Amino acid sequence: MIATMTPVAAVAAASAHSAVAPALIEATLRPSLTLVVIVAALVATGTSLLLDRSLVRVLLGLLLIGNGVAVLFMVVSGAAGAAPFVGSAAPSEMSDPLPQAMVLTAIVISLATIGFLLALAYRLWQISGTDDVPDDAEDARIQRLAEARETSETYDPSEVPTTTSDELAGEWPDGPDQRQPTGDQVVGGGRP
């Protein structure tokens, strides 16, 4: 439409559009304090619940954080306007559909995550009779071995490690084979 206008009319149309933009920005920059407090409360409570060992509380924490972020998207999207259908209203009076689409997507993703966590919590309750996540026995055993400076039964000191971990740094005296592999052996993973 601007391409068929005269230069003077195009400048007038552009300046009229630029006058609408600051009004839209001002409306977006004035969020409701109540909604901001609700967002902060939902995210803070959700984070507190997420750090618990109970899977039901973790589930509720994720739910509260997801809802808090959804409300935050709606607060940031600005004041409500007309439905964003072509021809139903002037573009300056329409709502921005992008935040609404992002919130709808976030709802679908959180629903899938909640379904997965519910299945995990139910299975854990069937097996152990509680929904508390237990300590991993293998991690506790490895930690005890590390504190005692011992190795596990499956460790073979004759194998060349393929990582640059503590064994390569020479911090762990792990047995009769104390040679340090060269860079070629570590990268290729082969034997000398």
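The values are calculated or read from the model by the stated rules, or taken from the named source; none is laboratory data. Since we're looking at a predicted model, the values are computed, not measured. Reconstructed Cβ throughout: ideal geometry from the backbone, glycine too, with neighbour counts over all protein chains shown. Side chains are part of the model used for accessible areas, which takes the heavy atoms of the whole protein and leaves out ligands, DNA and RNA. Shrake-Rupley method; radii C 1.70, N 1.55, O 1.52, S 1.80 Å.
The residues of the range 50-66 that are under 16 Å from the mean Cα position of the chain (by Cα) and over 18 Å from Ile109 (Cα atoms) amount to a single one, Leu51. Would you point out the residue of the range 73-98, among those that are polar (S, T, N, Q) and surrounded by 12 or more Cβ atoms within 10 Å (Cβ to Cβ), that is farthest from Leu35 (Cα to Cα)? Top of the filtered list is Ser92. Identify, please: which residue in the range 115-156 is hydroxyl-bearing (Ser, Thr, Tyr) and farther than 24 Å from Leu50 by Cα and is, among those, surrounded by the fewest Cβ atoms within 10 Å (Cβ to Cβ)? The selected residue is Thr154. One residue alone among Leu104, Leu120 is of a type outside the set (Asp, Glu), assigned to a helix (DSSP H, G or I), over 24 Å from Val133 (Cβ atoms) and modelled with pLDDT of 85 or more, and that residue is Leu104. Contact map, the range 57-84: residues that are within 22 Å of Trp125 (Cβ to Cβ) paired with residues that are open to solvent by 40 Å² or more (accessible area, probe 1.4 Å) and acidic (Asp, Glu), Cβ distance under 9 Å, separation 6+ or inter-chain. Pairs shown: Val58/Asp52; Gly61/Asp52.
Of the residues making up the range 60-72, those that are under 22 Å from Gly115 (Cβ atoms) and open to solvent by 70 Å² or more (accessible area, probe 1.4 Å) are Leu60, Asn67.
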